[in-house]
Amino acid sequence: MSEFLRRLTYLFHRRRHDRELADELDFHREMAARSGGVPVGNALHLREASRDAWGWTWLERLGQDVRYALRMLRRSPGFTLAAVLMLAIGIGANVAVFSFFDLLVLRPLNVRDPATLLRFHRRGIEAYAFAVPYPEADFLRRHARTLSAFVSVNTTPVTVEGEDKPLNVNFVTANYFRELGGAPAYGRVFDPAFEQDPAAEAVVVLSHAYWQRRFAGDSSVVGRTLHLNGKPATILGIAAARFGGLGSGISDTAIWAPLVSHPYFVRNSKLLTDVSNESPGVQLWGRLAPGQNPKAAEAELRALAAELRKQYPAAIWEDERLVSEPGGFATSLISGGRRGTGAEQRDPVYPIFALAGTLTLLILAAACANLGSLLLARGVARQREISIRAAVGAGTARLVRQLFTESLLLALMGAAGGLALGTAVLRWLLAATESPAWLDPSPDWRVAGFALAAGVGSAVLFGLAPSLKTGRPGRRPGSARQVLIAAQVAASCILLIVAGLLGRALNHASKEDPGFEYRQVISLRPGLAQGSYTPARAAAYLDSLLPQLRALPGVESAALSSSPPLGNVTISAVWEMDGRRIDVGMNGIDENYFETMRIPLLRGRNLRRGDTQAVVISESLARQGWPASDALGKTLPLDKGYTVVGISGSINAVKFGDRDSVQAYFPIQEADRPNLFALIRTSAPPGTVAGSVATAARALDPNLSVEVQLLGRNFRRRLEGAEYTTLAVGVLGGIAQLLACLGLVGVVAYGVSQRTREIGIRMALGARPAQVLAIVLRQFAVPVCVGLAAGIGGAAALSQVLRGRLFGVSHLDATAYLLAIGLFLVTTAVAAVLPARRALRIDPLSALRHD
Amino acid sequence: MPKQEMPSGALTLLILRVLQTGSLHGYAIAQRIHALSSEVLQVEEGALYPALQKILLKGWATSDWGISETNRKVRFYRLTDAGREQLEAELSSYTRVHDAIQAVLRTA
């Protein structure tokens, strides 16, 4: 039996052991008395010393401490409630942010063996793409040995019978469900045998959520026929409720169809055969073979890509690599189908989370600092109790431990409350943003552990210093208070400044001229590429569509563009100009674009029909690209030698108010025609014209998935996210400032009561009211100023992350800082002066009699 | 001759040594040490029982209930194999230290 086991056995039988020991000592005493020896000392003390040998004393003391602490907390329910509430808010905010981070980055998706899944994207020397042409994916599947399986997904909008708007259908390889562990709730799902049999009838699998919504959970729909793009397909089965699968973006999939039937559903689809970069391609996941690692897989795929390049030298890039990232997490879904040249533009997930986390930590810090002051004040009130306990023999360590146990209990209750609150907030947010059902915010062990750690961490923050101060009677809690005040001030100051910055940015964005007029513009995407139009057919379609659009009542003008501002499509490239790297927004336009978008042409001429090597650039590009000379007539640093014929006004299409955003307008490429948007300027309210625009586009081809958007609505939607953020930070800042003010009121009031006698003497000697106030407030001026300075510095450092998201407002914007500091100073001054006025009402005579 | 306090650390060694000859109860252990040291060493109860608990915890001795010479139920301590090994180890290290100290005292 090991020592530890003996220790445990003792623990479980410790009452019996105690009795036996007492017996034994009695015997010893009897024997000693009989032989006339010295009487045994304090028997109780002796027993305790013997028990100590087993090393369980701490547990008994802890039990005592916890019982005592519970009694103390129950006796002051107001304080307990306030403390737990404060902590719950502080911890809850952190739990919400961490939970979301956990959902996106840490928690594996609900698929089979997510750890061995890799998501691949293409990276060449100059370009990258998150979509892989299907023939390339298929080539890799057939030859790769380091990966046991590949799963490909192509998302295409499809007109579904009975739905007004096109739905995104995920076209997946036949091994999709088996590889990802997706069992059917009813019927069957695709199986790999399907892919070998092209003669098999077309089938689809419905997601559980879509089936519930559309067919109200009627299981008899299995086997029924559903028309997609007008083509009949049999409903093969319903996927299990919890199965989200892999797809495009964080969204609910409605329908899955086999990838091989893409040409059946989508007219003129070349998805299965087109290896060029124009192909929409597939999102590619691979499953590592047992014993393999991502490095080995990347090396093998690089060699395979080089092999395939011999066959397709134009489509497969030079030195093409297939870069992997963990594929079993929600982050691997976000990147979607982005492509571009130059360096990859990744979603700034981590900096945003870091900023959100820092802000919520500040709230917690403010709550802790405030609670710390409260505990200190309580400690003063408990001085009597502490002295009594010290007098009957409690050591300092024991007293400190006792007090800290109370803090720890508070913190644990706060953590539990925070966990509930944070989860509830996140659940509400996810529901409000219509997140997919599989994004389930129920806390897992990571979130629970985080809440616990936050609780213990806060207990150390708010409880340790007060426990140390209070547990050693006779020491005045002075400097700890000052530090706590400074910490609170700094935290709420940072939050107020960030809220001010966001508010300013929002105000700026909604007022500032983006360089074009969007309120009266409708954007129409006829969906020609999805309908698999050839460039020639697309040109014919557009040629007949545009005159019809212009003839509609309420329409002023119409134009074509490959990436209209405020849309979902942006095309950008990084150009090297004299060693400078410039991120250029590129747009293919026709001659009516500038007039329709109300973008002024500053110099030179517009693009004309038939132009091929001409380009119009924005004034900002002219300024940045040719700072010393005139850009007109210059040649762009591109292979095809475009000549600058005109200079237009700059617009802030991608990032509002970003004065450095630059554009280049090219003549429309023939190959690009199926991807074009039509932009329609209306004289009537655009909402009233949108319907007839859509009808006109469908009238030419009823099979198209037409999409109509109002740019004005897109603009407002783009601001919505910013509005939510500003509101959230503003609320947090308000809470922090309120906490700081409440803390200050208490501390100043306490300061006045401590110095009643001194103030009385000074008043008796003729001090004026202003001088009295100065005496009381002087001791708080230093920590407030220190906190303010730290807060301003902290805000300046933190808000760097926000650069580029402030719609052109500098992250050091003076107005925002001054407003926030002004608000801060006013509320702080009120919080300090209100209780300080009590000092003025002190009657010198009674103050001097005061003990 | 005045009674001497037990040097710390030595008590465990002495307890193990007197238990080597057979099992004893606590009071008898104290008496035995007292007697064998020609009444020089006095084992305080405050030291004896914590030391005995430690010996039990370490597994160097086990305890059984028996009847004392005064016909009372009492706990007898019996050395285990581990206890015998521990005694050997402590004895040899004690001897080494003792010899070393003696050598210094003789020659310095």
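The values are calculated or read from the model by the stated rules, or taken from the named source; none is laboratory data. Since this is a predicted model, take the numbers as computed values, not measurements. Here Cβ is always computed from backbone atoms with ideal geometry, including for glycine, and neighbour counts include all displayed protein chains. We work out accessible area using only protein heavy atoms, side chains counted, and drop any ligands, DNA or RNA first. Shrake-Rupley method; radii C 1.70, N 1.55, O 1.52, S 1.80 Å.
Descriptive notes on the structure:
- For region A:755-851, carbon and sulfur atoms together expose 66% of the accessible surface, with a 1.4 angstrom probe and every protein chain in place.
- Solvent-accessible surface ranking, highest first, for A:128, A:68 at 1.4 angstrom: A:68, A:128
- Put a dot 7 Å past the Cα of residue B:64, heading toward its Cβ, do the same for residue A:540, and the two dots end up 10.9 nm apart.
- When all alpha carbon pairs of region A:662-752 are counted in 10 Å bins from zero, the resulting P(r) reads 11, 22, 22, 14, 11, 9, 8, 3, 0 %.
- Local net charge near residue A:444, Cβ-Cβ under 13 Å (Lys/Arg +1, Asp/Glu -1): 0
- Taking a straight line from the alpha carbon of residue A:511, these lysines sit under 25 Å away, with near neighbours fewer than eight places off in the same chain left out: A:655.
- Given charges at beta-carbon only (K, R positive; D, E negative), |dipole| of the protein assembly as shown in Debye: 3440
- Farthest towards the positive end of the charge dipole of the protein assembly as shown, among the residues B:53, A:261, A:727, is the Cα of B:53, using unit charges on the Cβ of Lys, Arg, Asp and Glu.
- Inter-probe distance in nm under a simple model that places probes 7 Å from Cα toward Cβ, at residue A:382 and residue A:113: 5.6
- Scaling against 2.2 N^0.38 Å puts the C-alpha radius of gyration of region B:27-108 at 1.38.
- Cα-Cα over 27 Å, subset of A:469/B:54; A:295/A:640; A:231/A:270: A:469/B:54; A:295/A:640
- Of the residues A:668, A:255, A:571, the one with the largest accessible area comes first in the ranking A:571, A:668, A:255, computed with a 1.4 Å probe on protein heavy atoms.
- Gyration tensor verdict on chain A (Cα atoms; rounded if a/c is under 1.5, prolate if a/b is larger than b/c, oblate otherwise): oblate
- Summary value for chain A: 15 percent relative contact order, contacts being C-alpha pairs under 8 angstrom separated by 6+ residues.
- Using a simple spin-label model with pseudo-atoms 7 Å out from Cα toward Cβ, residue A:568 and residue A:815 lie 3.5 nm apart.
- Estimated FRET transfer efficiency (residue A:26, residue A:453; beta-carbon r; R0 35 Å; 0.05): 0.10
- For residue A:693, the shell of other residues with beta-carbons less than 12 Å away shows a net charge of +3, using +1 for Lys and Arg and -1 for Asp and Glu.
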